[in-house]
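Let me begin by presenting the structure, written as structure tokens, before commenting on it.
Computed from the coordinates by the stated procedures, all read-outs in this text should not be read as laboratory data. Because the structure is predicted, anything quoted here is derived from the model rather than measured. Here the Cβ positions follow ideal geometry from the backbone for every residue, glycine too, while neighbour counts run over all protein chains shown.
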Amino acid sequence: MTTSPLSSSLARFVDRDTMEYERRYPHPIERVWAAVSVGEHLNVWLFPTTRVEGRVGGRATFTWGGPEEDGVEVYEVTEYDPPRRITFRAEGMPAWMRFDLAEDGPDATVLRFTLHWPVPEGAESPWHPQHLTGFHNMLDNLTGYLAGTWTEVDMAALIERLLSGAPPPPEAVAVQEAYAAYVGERPA
């Protein structure tokens, strides 16, 4: 992973189409598993309206809080191995996101969050600094959620701030600048 003066490490490129974030949480694997695989937990730190059918072949939907029909992202659960791995494959696309968990002692968990988003040659890359910063910050929100310091109220305030067009806080700007520098160094 690339190191930075930020509170957490930047993601790294696995290949042109794949980005991986790695975090260590001082919580048992079962607690982190619930946070990454159950809609009511994902609602608080990832997307405000998430539904997950916890089984291979299950449906998962992610929205920013509006009606499901309005901007819903639909995925299928293609891997479901509690408490180790859950993979969501985007409907109609070769894109997916995966949470891999491993115990790091009795009361800690290492999480690898992988995004795979292939694009045809010459097409615009999904690896915009703002996009990468969003997932980075969501994983920071997960840190707070697991510690009990990030709640549904915080998520609602975040969505309100995003929708209002208010400038991002300085910490978010620093993360986005770090990703802008890193994306400039990404593999071809």
(request) Name the shape class, rounded, prolate or oblate, that the alpha-carbon gyration tensor gives for the stretch 94-144, where a ≥ b ≥ c are the square roots of its eigenvalues, rounded holds for a/c under 1.5, and otherwise prolate holds if a/b is larger than b/c and oblate otherwise. (result) oblate
(message) Let me check I have the definition right: for the stretch 59-173, take the eigenvalues of the Cα gyration tensor, multiply each by 5, take square roots. What are those semi-axes in whole Å, largest first?
(response) 23, 22, 16
(request) Report the residue, chosen from MET93, MET19, MET155, that carries the largest GNM mean-square fluctuation when the chain is represented by alpha-carbon nodes joined by springs under 10 Å. (result) MET93
(request) In whole Hz, with x marking every Gly and Pro, tabulate ³J(HN,Hα) for the stretch 103-116 from phi via Karplus 6.51 cos²θ - 1.76 cosθ + 1.60, θ = phi - 60°. (result) 5, 10, x, x, 10, 8, 9, 9, 10, 10, 10, 10, 10, 10
(request) Mind telling me which of VAL44, VAL14, VAL175 comes out most flexible in a GNM of the chain, alpha-carbon contacts under 10 Å? (result) VAL14
(request) Quote the relative contact order of the chain in percent (integer), defining contacts as alpha-carbon pairs under 8 Å separated by 6+ residues. (result) 23 percent
(message) Order these by the 10 Å Cβ neighbour count, fewest first: HIS131, HIS41, HIS136.
(response) HIS131, HIS41, HIS136
(request) Taking only Cα atoms and a 10 Å spring cutoff, compute GNM fluctuations for the chain and point out the largest among LEU139, LEU163, LEU111. (result) LEU163
(message) Given the options PHE135, ALA172, THR109, identify the residue whose Cα lies farthest towards the positive end of the charge dipole of the chain (+1 on Cβ of Lys, Arg; -1 on Cβ of Asp, Glu).
(response) THR109
